[in-house]
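Colleague: Let me give you the structure first, and then I'll get to my questions.
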Amino acid sequence: MLKKKALLVAFFCLFVSSFLFGQATGSFSGTVSDKAGAVVSGATVKATSQGTGISREAKTDDSGHYLIPLLPVAFYTIRVESPGFGAAEQKMSGCKSTNIANWILHSRPHR
């Protein structure tokens, strides 16, 4: 009876650990500011998977900070936009753990 319980516990641990191993995620976090150093609140930061095209986005808070959490590990294109500024975009080499990406937006020329 003890051997059956031990075998059951071992099987359960192996079964659960296989699911936990496949749950790798990362995040992008940072601050958006203008060229004078003032933070840009309400900017849209969009992370798009280069492999699947699936995207997630966040808005910067009053301190210009954003966080896009729980992204599957992949290569991403990050795009930042805010009214009155030109868009900024960069391909990121990979998303694993927490990636810091700070952005400086430039004013859009008046036409």
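Colleague: Regarding segment 24-105, what whole-number volume in Å³ per residue does the convex hull of its Cα atoms give?
Modeller: Details: hull volume 6.4 nm³, N = 82.
That works out to 78 Å³ per residue.
Colleague: Now, a different point. Evaluate the distance, in nm, between pseudo-label points positioned 7 Å from the Cα of Ser29 and of Ser97 along their respective Cα→Cβ axes.
Modeller: For Ser29 paired with Ser97, the spin-label model returns 1.2 nm.
Only the coordinates and a few stated rules stand behind these numbers; no lab work does. Quick caveat: nothing in here was measured; it's all calculated off a predicted structure. Here the Cβ is made from the backbone with ideal geometry for all residues, glycine too, and neighbour counts use every protein chain on show.
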